[in-house]
Amino acid sequence: MTDRRLRKIVIVGGGTAGWMTAAPLVQRLGKGCEIVLIESPDIATVGVGEATLPTIRYYNAALGLDHADFLRKTQASFKLGIEFKDWGYLGNRFFHGFGDFGPKIEGRSPHMHWLHLARIDKNIPSYENWSMSTLMARNHRFAPANPDDPYSYGFHFDASLYAIYLRDYAVQRGVTRIEATINDVELRPDDGFIAAVKLKDGRRIDGDLFIDCSGFRGLLIEGALKAGYDDWSDKLPCNSALAMLCAKAEKLEPFTTATAKGAGWQWRIPLQHRTGNGHVYSNAFTTDDEAARVLIEGLDGAPLDEPRQLRFVTGRRRKSWLKNCVAIGLAAGFIEPLESTSINLIENAVGKLIELFPDRDFAPESTFEFNRYMAYRYESVRDFIIMHYKLTTRTDTEFWRYCANLPIPDSLNHQIELFRETGRVVIYDQEGFGDPSFISMLLGLGVVPKADDPFVAALDRDALQAHMASVRAAIIQKVAGMPYVGDYLARAVAQ
């Protein structure tokens, strides 16, 4: 039987996407398949994806990364969720925490019981008091989560340092790094597959599988193979961003902050050595100069650089895997980092590539499944982000009035209206945001269900109130016993 295994993989582009792809591939393939990564010294990485979802912990663990070493070398801090300010209406403040709102009662989600009690007792504390991650964040506390804990966490880190960290990991295990600029892409005349990339210095790098991590331009997937791009600008209005660094705050906060502004929103990501900031906006509703002014005025530390301008078109490639080329990261698509999904989508793509790893025959069924999966993941994230904009009652700027009238997919409309009518949550994408995330966003943005769950309403009120009070007391007690996040991080880094 002919050996059809891949002999050589060429990754075009470094940065977060390139090295997050190279590291697990070389870990699994070892010297059985040559892996080459080409990164250009002339192209800067975007570097805005510094906040993550909890899934990054599983990615790091799969590589066998040392936790303390990772924290030190990437200047990482802990992330329990996202605090939203001025979303929905001016003065609004709520938290999207990583975790649930306590154990189910009689098979029903705890938020249903809180909703029922809140109709009876107007003095009941906010539903957020049953979210351990929220209480931890509000009190600046942190402890690593055990498997049975009702909270989770991700990280903030310096994306450039994380890429270097993974680069060292991958190169030590056999990845060949070439620093060069690609001048041309050579296609096979018989089937249109990529045969090689040609470098500015005259070298020709051939391969069996090519992975495009070249960023927005999609050098291989679009420039050479013309995969096509689905533009979602009509669904998500922002198309510009300014990124800027400032000095670290005196007190470390274990969460990302997303503050709505007149024509977009501003992020704040605290690290050990500095704070990352950015302003995502639509240049149809404000100027770049005004956006920069808003960003600078929103800093809580001394500026460390000048605002860096980014332009983007929200959307995805129509095919992330075409012929013998797989696009990962920004080459595959872009959705603004409002819920820190950019790195998660890289994880998804790398994981699915490994699951469907091809031989030199490139079975079309595997290609089809990869594209189906990634399309669904991008669309699921897109719809969750749309909800943040659509459910606004703000009328103070033209931008927010525009957002309130955005057309939305029927599936998202059903999710919103089902919750509005019954308090129930339907999740289409089981690998995406779950019940607690939708509950946090829907309640936080002011969607109050009209009716109680009949089974919840039938429970004994006194017993239910006592149970909810005991759960809340247990959460408060556990959080009070945790160290401050800055103290915990200092000890963890020193290990």
| query | Any idea which residue in segment 148-173 is modelled with the lowest pLDDT, counting only those that are surrounded by fewer than 16 Cβ atoms within 10 Å (Cβ to Cβ) and part of a loop (DSSP other than H, G, I, E, B)? | reply | D148
| request: Please work out which residue is surrounded by the fewest Cβ atoms within 10 Å (Cβ to Cβ), limiting yourself to segment 215-250 and to residues that are assigned to a loop (DSSP other than H, G, I, E, B) and touching a Pro at 6+ places or on another chain (Cβ under 9 Å). | output: D234
| Do any residues in segment 179-207 that are within 15 Å of L220 (Cβ to Cβ) and crowded, with 17+ Cβ neighbours inside 10 Å have Cβ atoms under 7 Å from those of residues that are at pLDDT 95 or above and among the aromatic types (F, W, Y), where the two are at least six apart or on different chains, and which pairs are they? | I194/F210
| request: Taking V456 as meeting all but one of (1) in contact with a helix residue (DSSP H, G or I) (Cβ under 6 Å, 6 or more places away or on another chain); (2) in a helix (DSSP H, G or I); (3) under 24 Å from R93 (Cα atoms), write down the number of the exception. | output: (3)
| remark: Being surrounded by 14 or more Cβ atoms within 10 Å (Cβ to Cβ) and within 20 Å of the chain's Cα centre (by Cα) narrows F438, F419 down to just F438
| query | Restricting the search to segment 340-376, which residues are among the acidic types (D, E) and farther than 23 Å from R217 by Cα? | reply | E355, D359, D361, E365, E369
| request: Taking V26 as the residue in question, decide whether it is under 19 Å from F334 (Cβ atoms) and touching a residue at least 60 places away in the same chain (Cβ under 8 Å). | output: no
| message | Could you go through segment 407-414 and let me know if any residue there is closer than 21 Å to D100 by Cα, surrounded by fewer than 20 Cβ atoms within 10 Å (Cβ to Cβ) and not basic (K, R). | response | no
| task | Answer yes or no: is there a residue in segment 382-389 that is at negative phi, assigned to a loop (DSSP other than H, G, I, E, B) and modelled with pLDDT of 95 or more. | result | no
| task | Identify all residues within segment 125-147 that are crowded, with 18+ Cβ neighbours inside 10 Å and among the aliphatic types (A, V, I, L, M); write none if there are none. | result | M132, L135, M136, A137, A145
| query | Looking only at residues in segment 427-453 that are touching a strand residue (DSSP E or B) at 6+ places or on another chain (Cβ under 7 Å) and assigned to a helix (DSSP H, G or I), which one is nearest to T52 (Cα to Cα)? | reply | S437
| request: Can you give me the number of residues within segment 193-204 that are part of a strand (DSSP E or B) and out of contact with any Lys or Arg (no Cβ under 8 Å at 6 or more places or on another chain)? | output: 1
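Quick grid of which residues meet (1) exposed (fewer than 14 other Cβ atoms within 10 Å of the Cβ); (2) of a type in the set (K, R); (3) modelled with pLDDT under 95; (4) within 34 Å of the chain's Cα centre (by Cα):
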| site | (1), (2), (3), (4) |
| --- | --- |
| G444 | no, no, no, yes |
| F455 | yes, no, yes, no |
| A458 | yes, no, yes, no |
| R461 | yes, yes, yes, no |
| Q477 | yes, no, no, yes |
| M482 | no, no, no, yes |
| L489 | no, no, no, yes |
| query | Pairs under 7 Å by beta carbon, first residue touching a residue at least 12 places away in the same chain (Cβ under 8 Å) in segment 414-438, partner in a helix (DSSP H, G or I) and of a type in the set (G, A, S), six or more apart or different chains? | reply | Y428/S380; Y428/S411; D429/S380; G432/S380
| task | Answer yes or no: is there a residue in segment 297-306 that is surrounded by 20 or more Cβ atoms within 10 Å (Cβ to Cβ) and at pLDDT 95 or above. | result | no
| query | Is it fair to say G446 is on the phi > 0 side of the Ramachandran plot and not β-branched (V, I, T)? | reply | yes
| message | Based on this model, can you work out whether R119 counts as surrounded by fewer than 16 Cβ atoms within 10 Å (Cβ to Cβ), over 18 Å from the mean Cα position of the chain (by Cα) and not in a loop (DSSP other than H, G, I, E, B)? | response | yes
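The values are calculated or read from the model by the stated rules, or taken from the named source; none is laboratory data. Just so it is clear, the model here is predicted, and its values are computed rather than measured. Methodologically, a virtual Cβ is constructed for each residue, glycine included, from the backbone with ideal geometry; neighbour enumeration extends over all protein chains shown.
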